[in-house]
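The values are calculated or read from the model by the stated rules, or taken from the named source; none is laboratory data. All figures in this text were calculated on a predicted structure; none of them were measured in a lab. As a convention, Cβ positions derive from the backbone with ideal geometry for all residues, glycine included, and neighbour counts pool all protein chains shown. These accessible areas exclude ligands, DNA and RNA; they are computed on the full protein's heavy atoms, side chains included. Shrake-Rupley method; radii C 1.70, N 1.55, O 1.52, S 1.80 Å.
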Amino acid sequence: MAKTSAGRFFEDYTLGEVIEHAVPRTVSGGERALYHALYPARHALHSSDEFARACGLPGAPLDDWAAFHLVFGKTVPDISLNAVANLGYAEGRWLGQVWPGDTLTAISEVIGLKQNSNGRSGVVWVRTTGRNQHGEPVLEYVRWVMVRKRAADAPAPDTVIPDLKDALAAEDLVLPEGLDFTHYDFTLAGEPHRWGDYALGERIDHVDGVSVEEAEHMLATRLWQNTARVHFDATLREDGRRLIYGGHVISMARALSFNGLANAQIVVGLNAGAHANPCFSGDTIRAWSEVLDKAETAAPGVGALRLRLVATKGGAPFDLRGEDGKYLPDVLLDLDYWVLMPL
Amino acid sequence: MAKTSAGRFFEDYTLGEVIEHAVPRTVSGGERALYHALYPARHALHSSDEFARACGLPGAPLDDWAAFHLVFGKTVPDISLNAVANLGYAEGRWLGQVWPGDTLTAISEVIGLKQNSNGRSGVVWVRTTGRNQHGEPVLEYVRWVMVRKRAADAPAPDTVIPDLKDALAAEDLVLPEGLDFTHYDFTLAGEPHRWGDYALGERIDHVDGVSVEEAEHMLATRLWQNTARVHFDATLREDGRRLIYGGHVISMARALSFNGLANAQIVVGLNAGAHANPCFSGDTIRAWSEVLDKAETAAPGVGALRLRLVATKGGAPFDLRGEDGKYLPDVLLDLDYWVLMPL
Amino acid sequence: MAKTSAGRFFEDYTLGEVIEHAVPRTVSGGERALYHALYPARHALHSSDEFARACGLPGAPLDDWAAFHLVFGKTVPDISLNAVANLGYAEGRWLGQVWPGDTLTAISEVIGLKQNSNGRSGVVWVRTTGRNQHGEPVLEYVRWVMVRKRAADAPAPDTVIPDLKDALAAEDLVLPEGLDFTHYDFTLAGEPHRWGDYALGERIDHVDGVSVEEAEHMLATRLWQNTARVHFDATLREDGRRLIYGGHVISMARALSFNGLANAQIVVGLNAGAHANPCFSGDTIRAWSEVLDKAETAAPGVGALRLRLVATKGGAPFDLRGEDGKYLPDVLLDLDYWVLMPL
């Protein structure tokens, strides 16, 4: 019996199956420090325990996307090792904060299957839940990937396409326990713009750019224990470059969005996301945002903003799709998410 | 109203104005570990809690230059985003140690202004103070930068050039509370040379060299939340290289100075500093030191040494200026600072 | 008197001499996070405090090889700064775990000396012991290096070659206090293969590869405070490349061996090790293992496996030596060690 795992293929998934992912992980101040070294992260609530306390939390939680990457990383060996493409995300919700000392685990349920017409691959939908050591859910999201079949003649499963929301409603969002922005310090946070200052349809060019290096994205991707080979093995492509983990682009763009969205402190919902084009070492990542929706919340002084966050490696800000409706070649990421801001 | 900040220009500064800088930051063992990964730091008092306790401290404080970079980083968006040049430092004093769990904030007061004769830029002097979560000052220093004007026809302010000390006197230095080198362990510290072994005018070639990479200086500069674009965006220069943050050179040179100054444990004063030439990825940084002054202190067993620390990217050790009085092209840094050593 | 150290030469060592190495080091969650960023480390017992507790330990200890590198790093300035070659390891035993907050020190005893016939260098054998702040040993190992002589005419010492074991016996291994694999969770650990599933002589290709970058190995080598210049100074070789610290290859190969040896949780013995060929930035490291021996232990549910771990930068898996008996040029590392696994 082979001791190593070659990953699952399309015919290995069964509708309703629950996969318990391996390798629990405890986080500490080390992960927080590394997150700040890898990305130009400046949102005050994740940077400062004192600022977080002044907002009603017990301290600064781990960055929301770091929590996402940690949970996502656990799923890679079971879900996407043989994936041809990472097709989408939906119904992502941060359900609780991750604190230093917490240990995360993850499970995924197969909620959809559809063999492709070519018979050589298929689409797998999973709903993944990350939990802490108390069994409390901290994150859940749906993701679908195209996975190769091991054997072309393996029978196709019944097609089941899950019914997913285009976007979470504001009522679906879970607010961090105790969150209170009534005494929010805009000076310490870095910008004066409050929830009421953002208009529907408003677009913000985040101006700054960061050129990425091989060493950096590999450090990040390993930190999340993401094992996908394309990110690490230079012999897989003729040009010796490694494909940069899409989550690295998400975190870079989110951090760059500080300039213009410094008060968008907490990410609570992921409505959709597309990794439009591959990112490679040497690319200079820039970002722009668009306000898609606004909502009040039940937490004191807290509003929710639904944003589009687009990461690019060139081109003009606000360019997204060509005349054919396809993403322009310089677009890396198109993300649709909910954040919490002071009113 | 534009949501993003383009930074301040010369005419945006007013004498006496106090700027409260954004983004407080909590540090932990993560920042300490990263400091040791980024620089060949070996000074025992910052490496070992036990060694620090044997010297009368409650544990190992964050490296003095890490504390400096963290405070400095906060000032960048308000002070030097449109700076043409970082001209100098003076009257820098470490006033307290930074411990794991501490949260730092920073404010700057504008203490000098002078428009350049070309009318297109001016010099701004600020005195910056870093504080911990108890409001206790941990660091203060004066820094002056040349800043572009937004509008050439903006009126020039009255010229005020602050009266700054050429160097701090030994009496100006603040000794860490409890510091006691009477039972100092020279073997664990790595060298037998005590304060009395260093002679005025003595020069030390620190021998070792470290070649620097893009990924490393960007990790470091982000860790301090320094947002200056020239350090991150490869599209700003034709050669695709990024200008390395001067503080990265300071920390690299300070760490290299361990070889010959292993007992120069604590930095307490910054008298002056010049970033003589730019540093780029691929450069190999070396360092040499010169003893500028010596003083006894009130703390048991503790002496103070005033040192010149020069970082180079080539050339012979001890070469500093050409016949024209200007820094030689291989000189990166000329720093004048006070350290504490066992008597 | 020169303040800097040029390191010791062969004639500076005396049989029986004990060298107390400098720079104690305190570790925290920062070192753990960095270890996970530098290597694709996934062994659950080092990744998760909860998993470690379920195995009878008080929490997740620092990775065994991180502890090794930290102790090894301390010895470099005294043992291998003028080493021509790192010739071998023997009788390495992990004697205790390293916990966050622990401070490590190291001493070495010179146990063997043999001048080479050319009279220009010699071999030095040392037995190094790492201890925590309580004086408890956490690691010991024998290492021998070829060191240059300062003066060719320095008299040769009496030749003493220590009597070293080819391999530790299972009875020599020290089991972590409290270790109990009776309730081991194979799902969370990532693989179903238990001690009984591994056969003597079985060989495992670990499949995955990681291409290494200059920035990464320098970060790692500095983290262990290893000061050997060849790892940092690009001016020492014509091609500008830096020789990668052999310990970086060990940790990379060990982490890669997760795929097939996910349950080989704790390294307890180092029987032998050869850095067969140099590793440089750009190399893609792969690994394979061979089961050399098996033994039961006194700890509940815990078996011991003696493994050969080979790291390569090319070539076919399981190729090791050429017809001449020498290591093939693509072999980087040949390591012989003991690990603990669930029965």
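Which count do you get for residues in the range A:285-306 that are in contact with an Asp or Glu (Cβ under 7 Å, 6 or more places away or on another chain) and part of a loop (DSSP other than H, G, I, E, B)? Summing the residues that are in contact with an Asp or Glu (Cβ under 7 Å, 6 or more places away or on another chain) and part of a loop (DSSP other than H, G, I, E, B) in the range A:285-306 gives 3.
For the range A:200-228, filtered to residues that are free of Cβ contacts under 8 Å to residues at least 40 places away in the same chain and among the hydrophobic types (A, V, I, L, M, F, W, C), the residue that is farthest from the other protein chains (Cβ to nearest Cβ) is A:Met218. Within the range A:173-194, the residues that satisfy the criterion of being in contact with a Gly (Cβ under 9 Å, 6 or more places away or on another chain) and within 12 Å of chain B (Cβ to nearest Cβ) are A:Glu191, A:His193, A:Arg194. For the range A:80-137, a residue qualifies if it is farther than 15 Å from A:Phe68 by Cα and among the polar types (S, T, N, Q), and the qualifying residues are A:Ser80, A:Asn82, A:Asn86, A:Gln115, A:Asn116, A:Ser117, A:Asn118, A:Ser121, A:Gln133. In the range B:180-192, the condition of being modelled with pLDDT of 95 or more, touching a strand residue (DSSP E or B) at 6+ places or on another chain (Cβ under 7 Å) and outside any helix (DSSP H, G or I) is met by at least one residue.
The one condition from (1) open to solvent by 10 Å² or more (accessible area, probe 1.4 Å); (2) of a type outside the set (A, V, I, L, M, F, W, C); (3) within 27 Å of B:Cys55 (Cα to Cα) that B:Ser289 does not meet is (1).
Collect the residues in the range B:41-66 that are more than 18 Å from the chain's Cα centre (by Cα) and assigned to a helix (DSSP H, G or I), keeping them in residue-number order. Break it down stepwise before answering.
Of the residues in the range B:41-66, the ones more than 18 Å from the chain's Cα centre (by Cα) are B:44-45, B:47-60.
B:Ala44, B:Leu45, B:Ser47, B:Asp49, B:Glu50, B:Phe51, B:Ala52, B:Arg53, B:Ala54 - these are the residues of the range B:41-66 that are more than 18 Å from the chain's Cα centre (by Cα) and assigned to a helix (DSSP H, G or I).
Candidates in the range A:136-160 are the residues that are small (Gly, Ala, Ser) and open to solvent by 40 Å² or more (accessible area, probe 1.4 Å); of these, the one that is nearest to A:Gly16 (Cα to Cα) is A:Ala156.
Considering only the range C:236-244, I want to know if a residue exists there that is closer than 23 Å to B:Leu219 by Cα and open to solvent by less than 20 Å² (accessible area, probe 1.4 Å). Yes: one or more hits. With respect to the conditions (1) free of Cβ contacts under 8 Å to residues at least 12 places away in the same chain; (2) open to solvent by 40 Å² or more (accessible area, probe 1.4 Å); (3) facing another protein chain (nearest Cβ under 7 Å), A:Asp197 lacks only one, and its number is (3).
So, in the range C:119-135, of the ones that are of a type in the set (Gly, Ala, Ser) and within 14 Å of chain B (Cβ to nearest Cβ), which residue ends up most open to solvent (accessible area, probe 1.4 Å)? Walk me through how you get there before you give the answer.
The first filter runs over the range C:119-135 and keeps only residues of a type in the set (Gly, Ala, Ser), leaving C:119, C:121-122, C:130, C:135.
Pick out the ones that are also within 14 Å of chain B (Cβ to nearest Cβ) and you get C:130, C:135.
On the way: C:Gly130: 0, C:Gly135: 37 Å².
Only one residue fits best here, namely C:Gly135.
Every listed requirement among (1) more than 8 Å from chain A (Cβ to nearest Cβ); (2) in a helix (DSSP H, G or I) is met by C:Asn86 save one, (2). Just one of the listed residues (C:Ala44, C:Ala37) is more than 30 Å from B:Asn263 (Cβ to Cβ), open to solvent by less than 10 Å² (accessible area, probe 1.4 Å), free of Cβ contacts under 8 Å to residues at least 24 places away in the same chain and of a type in the set (A, V, I, L, M, F, W, C), and it is C:Ala37.
Can A:Gly7 be described as within 14 Å of chain C (Cβ to nearest Cβ) and part of a loop (DSSP other than H, G, I, E, B)? Yes, satisfied.
Go through the range A:269-284 and give me each residue that's in a strand (DSSP E or B) and in contact with an Asp or Glu (Cβ under 8 Å, 6 or more places away or on another chain). Once the filter is applied, which keeps residues that are in a strand (DSSP E or B) and in contact with an Asp or Glu (Cβ under 8 Å, 6 or more places away or on another chain), the range A:269-284 yields A:Gly269, A:Leu270, A:Asn271, A:Ala272, A:Gly273, A:Ala274, A:Thr284.
In the range C:49-63, the residues that are more than 13 Å from C:Trp99 (Cα to Cα) reach residues that are of a type in the set (Phe, Trp, Tyr) with C-beta atoms within less than 8 angstrom, at least six apart or across chains, in these pairs: C:Ala54/C:Tyr184; C:Cys55/C:Phe181; C:Cys55/C:Tyr184. When C:Asn277, C:Asn271 are checked against the criterion of being in contact with a Pro (Cβ under 7 Å, 6 or more places away or on another chain), more than 12 Å from every other protein chain (Cβ to nearest Cβ) and more than 26 Å from C:Gly30 (Cα to Cα), a single residue qualifies: C:Asn277. If you scan the range A:78-97, which residues turn out to be within 17 Å of A:Ile19 (Cα to Cα) and buried (at least 24 other Cβ atoms within 10 Å of the Cβ)? Within the range A:78-97, just A:Ile79 meets the criteria.
Hey, among the residues in the range B:14-34 that are open to solvent by less than 10 Å² (accessible area, probe 1.4 Å) and part of a helix (DSSP H, G or I), which one's nearest to B:Leu188 (Cα to Cα)? Among those that are open to solvent by less than 10 Å² (accessible area, probe 1.4 Å) and part of a helix (DSSP H, G or I), it is B:Ala33.
Applying the selection to the range C:144-174, what residues are outside any loop (DSSP other than H, G, I, E, B) and of a type in the set (A, V, I, L, M, F, W, C)? Working first, answer last.
Going through the range C:144-174, the residues outside any loop (DSSP other than H, G, I, E, B) turn out to be C:144-148, C:160, C:170-172.
Result: C:Trp144, C:Val145, C:Met146, C:Val147, C:Val160, C:Ala170.
Flag set for A:Ala215, criterion: out of contact with any strand residue (DSSP E or B) (no Cβ under 7 Å at 6 or more places or on another chain) and crowded, with 24+ Cβ neighbours inside 10 Å.
Determine, yes or no, whether A:Ala170 is more than 8 Å from every other protein chain (Cβ to nearest Cβ), touching a strand residue (DSSP E or B) at 6+ places or on another chain (Cβ under 9 Å) and either without any contact (Cβ under 8 Å) to a residue 24 or more places away in the chain or of a type in the set (Gly, Ala, Ser) (or both). When the stated conditions are applied, A:Ala170 passes them.
A count restricted to the range C:229-259 and to residues that are more than 20 Å from the chain's Cα centre (by Cα), at pLDDT 95 or above and away from chain B (no Cβ under 11 Å) stands at 0. Being more than 22 Å from A:Trp338 (Cα to Cα), at the interface with chain B (Cβ under 9 Å from one of its Cβ atoms), out of contact with any Cys (no Cβ under 7 Å at 6 or more places or on another chain) and open to solvent by 20 Å² or more (accessible area, probe 1.4 Å) is a condition met by at least one residue of the range A:47-58.
Those residues that are out of contact with any His (no Cβ under 6 Å at 6 or more places or on another chain), within 14 Å of another protein chain (Cβ to nearest Cβ), of a type in the set (A, V, I, L, M, F, W, C) and open to solvent by less than 10 Å² (accessible area, probe 1.4 Å), I need them from the range B:101-118; list them, please.
First, pick out the residues of the range B:101-118 that are out of contact with any His (no Cβ under 6 Å at 6 or more places or on another chain): B:101-105, B:107-118.
Pick out the ones that are also within 14 Å of another protein chain (Cβ to nearest Cβ) and you get B:101-105, B:107-108.
From the residues that got through so far, the ones that are of a type in the set (A, V, I, L, M, F, W, C) too are B:104, B:107.
B:Leu104, the sole residue that qualifies.
Among the numbered conditions (1) among the aliphatic types (A, V, I, L, M); (2) more than 16 Å from the chain's Cα centre (by Cα); (3) buried (at least 17 other Cβ atoms within 10 Å of the Cβ), the only one that B:Ala274 does not meet is (2).
Of all residues in the range C:306-343, those that are of a type in the set (Ser, Thr, Tyr) and within 17 Å of C:Gly88 (Cβ to Cβ) total 2.
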